[in-house]
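Trainee: Provided herewith is a single structure, encoded as structure tokens, for subsequent inquiry.
The values are calculated or read from the model by the stated rules, or taken from the named source; none is laboratory data. All of these numbers come straight from a predicted model, not from anything done at the bench. Glycine also receives a Cβ, built like all others from the backbone with ideal geometry; neighbour counts cover every protein chain displayed.
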């Protein structure tokens with residue numbers, strides 16, 4: 001309870017209530033400070049709630065975006081191995097040859113080249129090749145054309161059937177190089193368009209089967225586990241016999257050895273289900 005104090009000797013009008021006035025002032029200051037602090041805390045709380053709401057919205061939007069995963073490229077050459085037992089190839093072929101021993105003009109022939117390989121070891125195998133070529137050739141000067149002039153551009157053909165040894169050279173999953181040495185025979189058809197005349201009158205060989213050899217190799221570009229793009233350049237050797245009749249002697253025969261260039265471009269297929277053995281100590285083990 002407040003108490004009114006009168007100063008000694010003073011009038012009643014000078015009485016002052018000291019304690020209530022001080023308390024009222026202090027209470028007002030404290031109330032003002034409380035209101036300010038509460039306003040700041042509320043403002044900070046509202047700002048925090050707004051930021052949290054925005055972050056949640058962004059996260060929810062991000063979670064709604066479609067996920068396509070990680071792209072992992074597939075290597076088509078991952079399973080390329082040089083352990084198959086069998087393989088075959090077929091390509092378009094070119095062969096340069098001379099249809100006779102004294103001809104100045106060479107014949108450019110086109111055809112097909114088919115090969116098959118049987119691998120005995122990792123690096124060595126057996127190869128067989130069958131090749132067919134056809135084209136036209138020039139002749140020596142002659143007057144045997146039915147129209148009274150030189151016979152031009154008669155058709156000639158060659159059919160090779162050879163076999164031999166094949167070796168695997170440098171190789172990796174992208175490609176390889178091989179070498180082969182094959183021997184056998186060749187059938188030459190030179191008299192088809194000679195109007196029934198003797199082949200010697202045009203400077204040609206006569207139709208015959210003759211010894212032949214092929215030395216060369218392949219350049220292979222792997223496209224998958226089974227398929228290979230193949231280029232095969234070769235030196236082609238033939239040993240045809242030539243016959244002609246001199247004016248004052250009997251028919252004379254001699255053999256003509258000839259070397260020409262051939263190349264083919266095509267595809268190879270590897271049969272990968274049957275493998276070469278990998279057992280050491282066996283000469284057909286693959287080592």
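Trainee: From the list 236, 162, 228, which one is at pLDDT 95 or above and farther than 19 Å from residue 124 by Cβ? Spell out the reasoning first.
Mentor: Working: 162 fails: farther than 19 Å from residue 124 by Cβ; 228 fails: farther than 19 Å from residue 124 by Cβ.
So the residue among 236, 162, 228 that is at pLDDT 95 or above and farther than 19 Å from residue 124 by Cβ is 236.
Trainee: If you don't mind, there's one more thing I want to ask. Hey, among 230, 243, which residue is part of a strand (DSSP E or B) and touching a helix residue (DSSP H, G or I) at 6+ places or on another chain (Cβ under 7 Å)?
Mentor: Numbers: 230 fails: touching a helix residue (DSSP H, G or I) at 6+ places or on another chain (Cβ under 7 Å).
The match here is 243.
Trainee: Another question about this same structure. Quick one: residue 80 ticks every box in (1) at pLDDT below 90; (2) part of a loop (DSSP other than H, G, I, E, B) except a single one, so which number is it?
Mentor: All conditions are met except number (1).
Trainee: Is there a residue in the range 216-224 that is surrounded by fewer than 18 Cβ atoms within 10 Å (Cβ to Cβ), at negative phi and not in a strand (DSSP E or B)?
Mentor: For the range 216-224, residues surrounded by fewer than 18 Cβ atoms within 10 Å (Cβ to Cβ), at negative phi and not in a strand (DSSP E or B): present.
Trainee: Select from the range 112-134 the residues that are surrounded by fewer than 20 Cβ atoms within 10 Å (Cβ to Cβ) and assigned to a strand (DSSP E or B) and list them in ascending order. Quick ask: steps written out before the conclusion?
Mentor: Taking the range 112-134 and keeping what is surrounded by fewer than 20 Cβ atoms within 10 Å (Cβ to Cβ), we get 112, 114, 116, 118, 120-124, 126, 128, 130, 132, 134.
Of everything in the range 112-134, those that are surrounded by fewer than 20 Cβ atoms within 10 Å (Cβ to Cβ) and assigned to a strand (DSSP E or B) turn out to be 112, 114, 116, 118, 124, 126, 128, 130, 132, 134.
Trainee: Which one of the conditions (1) under 18 Å from the mean Cα position of the chain (by Cα); (2) closer than 30 Å to residue 104 by Cβ; (3) surrounded by fewer than 16 Cβ atoms within 10 Å (Cβ to Cβ) does residue 232 fail to meet, given that it meets all the rest?
Mentor: If we test residue 232 against (1) under 18 Å from the mean Cα position of the chain (by Cα); (2) closer than 30 Å to residue 104 by Cβ; (3) surrounded by fewer than 16 Cβ atoms within 10 Å (Cβ to Cβ), just (3) comes out false.
Trainee: Looking only at the range 90-111, count every residue that is surrounded by 15 or more Cβ atoms within 10 Å (Cβ to Cβ) and part of a strand (DSSP E or B) and tell me the total.
Mentor: 10
Trainee: Would you please name the residue that is modelled with the lowest pLDDT, looking only at residues in the range 252-287 that are surrounded by 16 or more Cβ atoms within 10 Å (Cβ to Cβ) and in a loop (DSSP other than H, G, I, E, B)?
Mentor: 286
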